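Engineer: Before anything else, here's the structure in question.
The values are calculated or read from the model by the stated rules, or taken from the named source; none is laboratory data. The shown structure was predicted, so the numbers you read here are calculated from the model rather than taken from an experiment. FYI the Cβ positions are ideal-geometry reconstructions off the backbone, even for glycines, and counts take in every protein chain you see. In case anyone asks, the SASA skips ligands and DNA or RNA and just uses the protein heavy atoms, side chains included. Shrake-Rupley method; radii C 1.70, N 1.55, O 1.52, S 1.80 Å.
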Number of protein chains: 2
Amino acid sequence: MEHVHDSAASEPQMRWNGWGDAAKAKDLPFAVRSLLPLLLGRVRRPESPAALTDVRVSVSMLTPDDLDRFAGAVGAAYVDTTADGRLRHAGGKSTPDLLRRRGAEQSVPDAVVRPASHDEVRACLEVAVRQGIAVIPFGGGTSVVGALDPERGEHRGVISLDLRRLSGLIRIDQISQEAVLAAGTTGPDAERLLAAHGFELGHYPQSFQYATIGGFAAARSSGQNSAGYGRFETMVTGLRVATPSGDLDLGRAPGTAAGPDLVRVFLGSEGIFGVITEVRVRVHPQPQERVFEAWTFPDFESGVEGLRQVAQHSSGPTVIRLSDESETAVSLAQVGKIGRLLTRGASAITVYEGEDIAARRARTSALLAAAGGISSGEGPAEDWRTGRFDGPYLRDSLLDAGVFCETLETATTWSNLLTLRAAVEDALRAGFAEADAKSYLMCHVSHVYPTGASLYFTVLAGVRTDALSVWEKVKGQATDAIVATGGTISHHHAVGRDHAPWLESEIGATGIRILAAIKRELDPRGILNPGAVIPASAPSAQDA
Amino acid sequence: MEHVHDSAASEPQMRWNGWGDAAKAKDLPFAVRSLLPLLLGRVRRPESPAALTDVRVSVSMLTPDDLDRFAGAVGAAYVDTTADGRLRHAGGKSTPDLLRRRGAEQSVPDAVVRPASHDEVRACLEVAVRQGIAVIPFGGGTSVVGALDPERGEHRGVISLDLRRLSGLIRIDQISQEAVLAAGTTGPDAERLLAAHGFELGHYPQSFQYATIGGFAAARSSGQNSAGYGRFETMVTGLRVATPSGDLDLGRAPGTAAGPDLVRVFLGSEGIFGVITEVRVRVHPQPQERVFEAWTFPDFESGVEGLRQVAQHSSGPTVIRLSDESETAVSLAQVGKIGRLLTRGASAITVYEGEDIAARRARTSALLAAAGGISSGEGPAEDWRTGRFDGPYLRDSLLDAGVFCETLETATTWSNLLTLRAAVEDALRAGFAEADAKSYLMCHVSHVYPTGASLYFTVLAGVRTDALSVWEKVKGQATDAIVATGGTISHHHAVGRDHAPWLESEIGATGIRILAAIKRELDPRGILNPGAVIPASAPSAQDA
């Protein structure tokens, strides 16, 4: 076993009130600016967002003693109480987050604390427990479900625990194709470090450029290559976790029957049970070959049938995704371009990486063709690849133009997929109509399984009143429709605070009690991410 | 969605003091009887086991009121207090179980209660909580880790909750390739019911003929076709569970990020949190074609390298397994035959089922050949298939001949596999030598993963003193070696009571506390399977 600890260099800093690197911000193309009023009616350009220098942040509730103690845990240089530092940890990157971030008054954590090791994380948790301060674990800051809000709960203060100094490749076992990564390592850093050994993780969610390995684990992330390499949780073979009342080092063997799989208790725990500090993952040799092919189906329904055949025959694409007719037409969420109007049909992307590509492609192509698909060659698939991380930049431009833009997602069985899509779109359309707003809805399938698939919706709307409160209501109605129609409340965005009110409808009151019992055991003072995933005071049978 | 509820017919009743159908019991072949003294020294034939009619069972501690209440829950016909019925629920089928079962005095549950539905299970749990009676959930009765011992804990009585009347195919969704099976459905019944719709589950552990779907889930079972269809837990898409303090209906969508996966809390829970009553599983169309091919490697090490290549390249066998030189030579555990002595080398079995067999076989064969394997044709692989459920019958014959025979298993990463095998074999050999017993050890790899594999040991020993206490000590030393060398305490036999003392070494004190917290929440009176998996009074940080 080779032992290395490479340090890693990070991506450019994320904009505090928008997505990604300010240098990469995109203007809306002329064709789009012309098209939008036709689709959504005239919308007013909103006031410019507040400049960073004009923003007033909430006063820090931490005492000098608190700060000294955190400094004792991580070093004074890594306890940040500046307005700028705290603003950059004020929450995630959902559209409501970004709309809130346009104002001059901002609610922010009382400090940002940056541990560099498992032991420093544990030391921070000890200080927080002793001082009665809430802790919001913070990775790439890309949550779109409110998992990073600086919520104090019943505590007198709240810190953002920024984990990005826990960065690097701790260990790689080339024989077993397993690597241990520090939890704060970002997607690009992880791939860079693994590539130096000839390996790849192959996990590319849209947040890839900023999100961290620990965040992928905590939120049960799923990436664009999920057909080939699986959801992130299927890559995880072990976790190291610091909790307020004890450490865990989980995942002893690739196959085990040693009681319930406790790794799975922390995958999806979103920082409410403990802080993931190391993630052991299955890796694979870097693919030497990569082939792209796009397809066009007569309609979404036939495309879904094609994808089902591919998933159930395990025919072997690394990426397979299908846009519905409206997404295909606008080609926005998919290729990050507006204006390349196709007249009709539903387009799909396939990518093959690794070995035996010819055979896998032949099998897959035969199934897609049998479902009515026609190959449209490499071009559109290469376009998708080029633009696949650009969606959030375009959203910023749309918001700047006064167009409401947001995404939501779910999953269900194949037999229920079209019914669920219709129910969600009906709820979204009706909701915006109630608010007297025109909307344009797009949907794609981007993660397939033998028994079902995901549905990812992109919503554009011409909202002329308070977009935040309109969306809160519409999103609630859409989530009600998901629950009523048998979908999951999230396929890969997770629960956070935004979906928490619906979690009981998914796992039942007894399920909530299980989560609350684990939380009471590991975090009896309730300092970790209060209000995320489960209500702060979930019921217990023992209380009854 | 088609709704059906087929009733199912069961296999012949299991022998109360041995394996399976008494009619299928096997005499040891002459060659074996001649060989054993050479390998193990002379052993004395033990006294004949007690006849069923001579056995005295423990007195039932249940009152007429208890029995009336259980009868109220399930019907009087399904509350069994006969000695015969209770004896058949006295425990599992490990070698220590069978050795204990040879005596005239037997410890048995106070009654056997047979609910027929989820609601009847819940009613039984309510009676048990109210009356203060422990409950041992019982499926096929094939545990080899003491998970079925009639342990009362702090309660005044204990029942065996036999779940085999919860049998049948509740629902099948042919589009999504998903089926819901009642938890007490046995392996053969499940396959028979699915086959009527053209589907298969494809889960074939050695216990297949008797074990139940709920038992597979509760114990994290792994079957012979795991390379093709995965461990049982990867087939499970949902569970219905009755607990003493609430029901659960888990598993809403094939991919979800709605908090931690609570299905995984019950997979591996071995009846300590609740009773699994329904299992939703991924199924696949029955394979139309099946190809067998055996291989011979120069030695176990080169065979392991071949299997690693197959697992890491996903080359596609449905079954792949490799016997070490001593197992190959005696060919016992693998094909259920003793006496077909091969001179040297390590034999492997491959089976391919389903689609694209030619391509999968070509890829796999190329990898095995590159590692030094030579095809030995269909014959030995067909032999393996014919005898693959016979191992436990042979064990009965060996025990009758006074030869100690038992199995144990673990798993680890590829890089640690040979080190772990050596450590376990050293511990076993040394342990038997201390007891002045000759031993013969065999090992095979039968479950492979990209990052590692299982190790399954079959132990023969000429133990001339008290075999039970000798084995207890030797097994403990082997388990210590597993823990010290980084293996898991069980790959697929589970924890039960036999491995419970070592679970903390695998998941840590904090891990045990998580399990204990879930148990306190769901089973606050501790009626469910006391002493299995976790100690009855596991510590809590809140108590400290």
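Engineer: Looking at B:Val533, is it under 18 Å from the mean Cα position of the chain (by Cα) and within 11 Å of chain A (Cβ to nearest Cβ)?
Structural biologist: So B:Val533 fits the description; yes.
Engineer: Just give me the residues in region B:231-277 being more than 10 Å from chain A (Cβ to nearest Cβ), under 19 Å from the mean Cα position of the chain (by Cα) and either open to solvent by 10 Å² or more (accessible area, probe 1.4 Å) or aromatic (Phe, Trp, Tyr) (or both), in sequence order.
Structural biologist: Hits for region B:231-277 are B:Val236, B:Ile276.
So that you can scan it fast, the table gives a plain yes or no per residue for (1) touching a Phe, Trp or Tyr at 6+ places or on another chain (Cβ under 8 Å); (2) away from chain B (no Cβ under 13 Å); (3) within 23 Å of A:Glu506 (Cα to Cα); (4) at pLDDT 95 or above:
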| site | (1), (2), (3), (4) |
| --- | --- |
| A:Ala401 | no, yes, no, no |
| A:Asn416 | no, no, yes, yes |
| A:Thr419 | no, no, yes, yes |
| A:Ala423 | no, yes, yes, yes |
| A:Gly431 | no, yes, yes, yes |
| A:Ala435 | no, yes, no, yes |
| A:Cys443 | yes, yes, yes, yes |
| A:Ser454 | no, no, yes, yes |
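Engineer: Still on this structure, I have one more. Are there any pairs with C-beta distances below 6 angstrom linking a residue in region B:33-56 that is within 26 Å of B:Leu441 (Cα to Cα) to a residue that is of a type in the set (Phe, Trp, Tyr) and at pLDDT 90 or above, with the two at least 6 apart or on different chains, and if so which?
Structural biologist: These pairs meet every condition: B:Leu39/B:Tyr440.
Engineer: Restricting the search to region B:301-319, which residues are assigned to a helix (DSSP H, G or I) and under 25 Å from the mean Cα position of the chain (by Cα)?
Structural biologist: Selection gives B:Val304, B:Leu307, B:Arg308, B:Ala311.
Engineer: Shifting gears a bit: Return the residue satisfying two criteria in turn: it lies in region B:133-178 and is on the phi > 0 side of the Ramachandran plot and open to solvent by 10 Å² or more (accessible area, probe 1.4 Å), and of such residues it is nearest to the other protein chains (Cβ to nearest Cβ).
Structural biologist: Step by step, filter region B:133-178, then rank; the result is B:Gln177.
Engineer: Just to be sure, is B:Leu503 outside any loop (DSSP other than H, G, I, E, B) and either within 11 Å of chain A (Cβ to nearest Cβ) or modelled with pLDDT under 95 (or both)?
Structural biologist: Taking the combined requirement at face value, the residue satisfies it.
Engineer: Also, I was wondering about something else. Going residue by residue through region B:369-383, is there one that turns out to be at pLDDT below 95 and among the hydrophobic types (A, V, I, L, M, F, W, C)?
Structural biologist: Looking for residues that are at pLDDT below 95 and among the hydrophobic types (A, V, I, L, M, F, W, C), one finds at least one in region B:369-383, hence yes.
Engineer: In addition: Would you confirm whether or not region A:489-506 contains a residue that is at positive phi and touching a residue at least 40 places away in the same chain (Cβ under 8 Å)?
Structural biologist: yes
Engineer: Okay, next question. Do the conditions hold for B:Glu355, that is, is it open to solvent by 10 Å² or more (accessible area, probe 1.4 Å), assigned by TED's automatic domain parsing to the domain that holds B:Phe457, closer than 24 Å to B:Gly230 by Cβ and modelled with pLDDT under 95?
Structural biologist: yes
Engineer: What residue, of A:Ile489, A:Ile482, is at the interface with chain B (Cβ under 9 Å from one of its Cβ atoms) and either open to solvent by less than 10 Å² (accessible area, probe 1.4 Å) or under 30 Å from A:Asn225 (Cα atoms) (or both)?
Structural biologist: A:Ile489
Engineer: Return the residue satisfying two criteria in turn: it lies in region A:320-332 and is out of contact with any helix residue (DSSP H, G or I) (no Cβ under 6 Å at 6 or more places or on another chain) and outside any helix (DSSP H, G or I), and of such residues it is surrounded by the most Cβ atoms within 10 Å (Cβ to Cβ).
Structural biologist: Filtering first and then ranking leaves A:Arg321.
Engineer: What is the one condition in (1) in contact (Cβ under 8 Å) with a residue 12 or more places away in the chain; (2) at negative phi that B:Val533 does not satisfy?
Structural biologist: Failing condition for B:Val533: (2).
Engineer: Does any residue in region B:171-182 that is closer than 15 Å to A:Glu305 by Cβ come within less than 6 Å, Cβ to Cβ, of a residue that is part of a strand (DSSP E or B) and open to solvent by 10 Å² or more (accessible area, probe 1.4 Å) six or more places away or on a different chain, and which pairs are these?
Structural biologist: B:Ser176/A:Thr413
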